[in-house]
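Reviewing the structure listed below.
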Amino acid sequence: MVTVIDAEQWPAAARPARWQDALCDLYAPLWFTPLGSAVRGRITVGEVDRLRVTHSIMGASTLRSRPVRGRAAAPVTVVVSLAGSTTLRQGGRETHLMPGDLALIDPGRECTVLFAEDARSTTVSLPAGLLGLTPERVSAVSATRVAASDPAAATTVGMLKPLVDGLGVLTRRQEERVADALAHLLGASLTPLVEQLPQPDRVTGLRHSALDYVERHLGDPGLGPVTVAAHHHVSVRQLQRAFEEAGQTLTAVIRARRLAAARAALADPERAEETITDIAVQYGMTDLAGFSRRFHAAFGVAPRDFRRRCLGRSPEIAAG
């Protein structure tokens with residue numbers, strides 16, 4: 001499903017509040033401050049498998065986001081500047097993006113984004129594990145510019161325009177493959193920043209590898225500490241300690257990632273004929289009642305109601 005929001009669709013007096021609400025719905029809780037006499041902007045947003053792609057044209061303004069709880073499961077955002085200038089401030093760093101530059105935003109920290117008039121950008125929100133990054137490394141490289149001259153960054157920018165134009169057109173299989181390609185390109189673009197960081201110790205490296213394994217095996221109903229530990233040839237206790245050092249548990253991370261993947265699938269109009277049970281099972285959740293309870297606890301709405309709201313109709317969503 002592709003959503004287009006244009007500030008000019010609202011009366012001028014209502015635009016600041018309506019634009020603020022729209023941005024919060026699309027991204028996360030944030031504060032919007034226009035820097036000119038009028039609120040201007042247009043946003044196009046769509047899902048590409050597990051990635052959310054947003055193309056925006058912004059009037060001069062400032063956005064300030066709040067930290068997201070459950071940081072390990074929250075998607076990170078890569079901002080790619082296409083026209084004008086965009087400034088990011090996060091974690092004590094400030095970076096200025098010109099056309100072709102890109103930078104990462106950490107969902108676990110407050111971030112301020114300043115848009116020049118008619119700034120154009122495309123953002124990609126995705127699980128950090130698809131970039132091969134741990135939460136610690138996301139924090140370490142956030143709000144740091146990758147220059148347009150970087151070959152991987154240039155290739156990424158070249159891919160984004162036709163992708164934005166094709167939102168809602170790709171088949172499901174095409175979306176899966178395009179999403180994989182884009183995630184790899186974004187990861188490659190960030191590699192120079194990561195390579196400048198101190199090499200992770202053994203515990204951090206284990207956690208990093210475990211998160212990547214989880215992301216690739218969400219559909220395995222047997223996925224859990226035992227299987228992940230066996231794959232890495234370590235004890236379950238060693239694996240648990242690696243996550244405890246980051247204030248996490250592997251079980252909670254797996255549950256959060258499965259719920260997030262199921263949520264994206266339920267909102268996908270191309271999957272409207274699949275039952276809720278089919279989707280839950282695809283992401284390793286065979287207990288439908290338990291899935292419904294956890295979904296409601298995580299997102300504040302039942303899976304059936306969430307799907308109906310997203311698709312704008314009442315599709316066949318029987319549990320069986």
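The values are calculated or read from the model by the stated rules, or taken from the named source; none is laboratory data. These numbers were taken from a predicted model, which means no experiment stands behind them. We place every Cβ from the backbone using ideal geometry, glycine too, and count neighbours over all the protein chains shown. Ligands, DNA and RNA are stripped out before the accessible areas are found, and what is left, the full protein with its side chains, is counted by its heavy atoms. Shrake-Rupley method; radii C 1.70, N 1.55, O 1.52, S 1.80 Å.
Quick look at the values:
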item	result
Residues satisfying the stated conditions in the range 8-26, i.e. free of Cβ contacts under 8 Å to residues at least 40 places away in the same chain and either closer than 16 Å to Val113 by Cα or in contact with a Gly (Cβ under 6 Å, 6 or more places away or on another chain) (or both)	Trp19, Gln20, Cys24, Leu26
Hey, Asp49 of a type in the set (Asp, Glu), in contact (Cβ under 8 Å) with a residue 24 or more places away in the chain and open to solvent by less than 40 Å² (accessible area, probe 1.4 Å) or not	no
Residue among Ala128, Ala143, Ala116, Ala152 that is out of contact with any Asp or Glu (no Cβ under 8 Å at 6 or more places or on another chain) and under 28 Å from Val39 (Cα atoms)	Ala116
Matching strands (runs of 3 or more DSSP E) fully within the range 2-121 where at least 3 residues are farther than 20 Å from Ala147 by Cα	2-6, 30-34, 41-48, 51-58, 61-65
Residue in the range 1-29 that is farthest from Arg64 (Cα to Cα), counting only those that are under 16 Å from the mean Cα position of the chain (by Cα) and crowded, with 16+ Cβ neighbours inside 10 Å	Leu26
Count - residues of the range 168-189 that are under 16 Å from the mean Cα position of the chain (by Cα) and open to solvent by less than 70 Å² (accessible area, probe 1.4 Å)	10
